[in-house]
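The structure under discussion appears below in the form of structure tokens.
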Amino acid sequence: MALVESFQLPEENSLTEEFLEQGYVVRGVENIEALDEIRHQVVVLACDHLGCEMPDDEGEFLNHIYKVVNIEKLNDLRMAIYGAINTHSWLRPTYYSLARNVIDALVGNELAMQNKINLSIQLPDDDSSLLGIHSDSFSGETPFQVVEWVPLIDVYDTKAMFLLPPEANRKYIPRFKAILEKGGMDLLWTEVKDDLVWIEVPYGKVLIFSPNLLHGNIVNTTGETRWSFNCRVTGLFTPYASTAKSLGGFYLPITTKVVSRVGMNYQAPEGLDG
């Protein structure tokens, strides 16, 4: 039958249901050559900063970066790579291309994207690079967004990030303030730890998750280093929760359609306001 009963494609329905149930989806990157090149550029910048030769195996080099940099020098390395790679005009479009179809299906196709791509490096047994349990929407972020999270190596076990699924969030969020007032973050961790999901993301895959859900990481005890990029993406015309995290500053338009551009520039003749 040629008639259509749904505005969404079947694959979009499946993706939507998975995201609503889990709070995240993991998919293969849509442009593996681009991811390989991004990782290569990171290795080039790391070697330049550290004064070492380019490795034969870039994944192994990143996994065992602790052999050439200690915890005290780690943030200098991270900031050098972060600053240099974010100067390239290709970075944000290329990063978006890694999960374009998934993001478009979940968020929309007129989008705004964080103005820089964040880089995280977590050495084994390093407690100085932790991002404790939190929700982005608690700190002035728009709730109308996803995070595109891409590892540069295989991520698993304590090397991964954790997330509290939607059903568990609905149970704890109404009690969030009371829990913190009673016992702080330690009590919150005790309350939620058994409900957390640790998200395994092999190299070559991308994690898209809702940062409204409680999430974070703990000390990495795997014996390998975690390298990951993350960036927030939201609908162009969705509400922005704060001046600090608003459109034109923290977020920049990336896929504005021509009809929206025409409409935003339209001026009605005087006297025809209605």
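The values are calculated or read from the model by the stated rules, or taken from the named source; none is laboratory data. Since the structure is predicted, the reported quantities are computational estimates derived from the model, not experimental observations. Virtual Cβ from ideal backbone geometry, glycine too; neighbours counted across all protein chains shown.
If you go through region 54-67 one residue at a time, do you hit one that is more than 19 Å from N220 (Cβ to Cβ) and in a helix (DSSP H, G or I)? Step through it out loud before you land on a result.
First, the residues of region 54-67 that are more than 19 Å from N220 (Cβ to Cβ): 54-58.
Retained after the next criterion (residues that are in a helix (DSSP H, G or I)): 58.
The answer is yes, given that some residue of region 54-67 is more than 19 Å from N220 (Cβ to Cβ) and in a helix (DSSP H, G or I).
Given (1) modelled with pLDDT under 95; (2) surrounded by 15 or more Cβ atoms within 10 Å (Cβ to Cβ), identify the lone condition not met by R170.
Just one mismatch for R170, condition (2).
Cβ-Cβ under 7 Å, sequence separation 6+ or interchain: first residue in region 26-51 and closer than 19 Å to D154 by Cα and modelled with pLDDT of 95 or more, partner part of a helix (DSSP H, G or I) and of a type in the set (K, R). Which pairs?
E30/R100
Does region 71-101 hold any residues that are in contact with a strand residue (DSSP E or B) (Cβ under 8 Å, 6 or more places away or on another chain) and either at pLDDT below 95 or within 16 Å of W227 (Cα to Cα) (or both), and which are they?
Scanning region 71-101 gives L74, L77, R78, I81, Y82, I85, Y95.
Would region 154-167 turn up any residue that is part of a helix (DSSP H, G or I), among the hydrophobic types (A, V, I, L, M, F, W, C) and out of contact with any strand residue (DSSP E or B) (no Cβ under 6 Å at 6 or more places or on another chain)? Walk me through it before giving the result.
Taking region 154-167 first, the residues part of a helix (DSSP H, G or I) are 157-159, 166-167.
Going one step further and asking which of them are among the hydrophobic types (A, V, I, L, M, F, W, C), we end up with none.
No, because not a single residue in region 154-167 is part of a helix (DSSP H, G or I), among the hydrophobic types (A, V, I, L, M, F, W, C) and out of contact with any strand residue (DSSP E or B) (no Cβ under 6 Å at 6 or more places or on another chain).
Do we find that S129 is within 30 Å of P165 (Cβ to Cβ), part of a helix (DSSP H, G or I) and of a type in the set (S, T, Y) in this structure?
Taking the combined requirement at face value, the residue does not satisfy it.
Where residues in region 228-265 are aromatic (F, W, Y) and either in contact with a Lys or Arg (Cβ under 8 Å, 6 or more places away or on another chain) or in a loop (DSSP other than H, G, I, E, B) (or both), which of them is surrounded by the most Cβ atoms within 10 Å (Cβ to Cβ)?
Taking region 228-265 and keeping what is aromatic (F, W, Y), we get 229, 237, 240, 250-251.
When the remaining residues are screened for being either in contact with a Lys or Arg (Cβ under 8 Å, 6 or more places away or on another chain) or in a loop (DSSP other than H, G, I, E, B) (or both), the result is 237, 240, 250-251.
Working: F237: 14, Y240: 20, F250: 20, Y251: 22.
The residue in question is Y251.
Could you check region 172-227 and list, in sequence order, the residues that are among the small types (G, A, S), assigned to a loop (DSSP other than H, G, I, E, B) and touching a Gly at 6+ places or on another chain (Cβ under 7 Å)? Reasoning before the result, please.
We begin by selecting, within region 172-227, every residue among the small types (G, A, S); these are 178, 183-184, 204, 210, 216, 223.
Narrowing the set further to residues that are assigned to a loop (DSSP other than H, G, I, E, B) leaves 204, 210, 223.
Of everything in region 172-227, those that are among the small types (G, A, S), assigned to a loop (DSSP other than H, G, I, E, B) and touching a Gly at 6+ places or on another chain (Cβ under 7 Å) turn out to be G204, S210.
Test each condition in (1) assigned to a helix (DSSP H, G or I); (2) under 21 Å from L213 (Cβ atoms); (3) hydroxyl-bearing (S, T, Y) for T142 and report the one that comes out false.
Result: T142 passes all but (1).
Mind listing whichever residues of region 133-147 are surrounded by 20 or more Cβ atoms within 10 Å (Cβ to Cβ) and touching a helix residue (DSSP H, G or I) at 6+ places or on another chain (Cβ under 9 Å)?
T142, Q145, V146, V147
Give me the residue from region 135-153 that is among the aromatic types (F, W, Y) and in contact (Cβ under 8 Å) with a residue 12 or more places away in the chain and, out of that set, nearest to V102 (Cα to Cα). Write out each step before concluding.
Taking region 135-153 first, the residues among the aromatic types (F, W, Y) are 138, 144, 149.
Retained after the next criterion (residues that are in contact (Cβ under 8 Å) with a residue 12 or more places away in the chain): 144, 149.
Working: F144: 16, W149: 13 Å.
Residue satisfying both the conditions and the ranking: W149.
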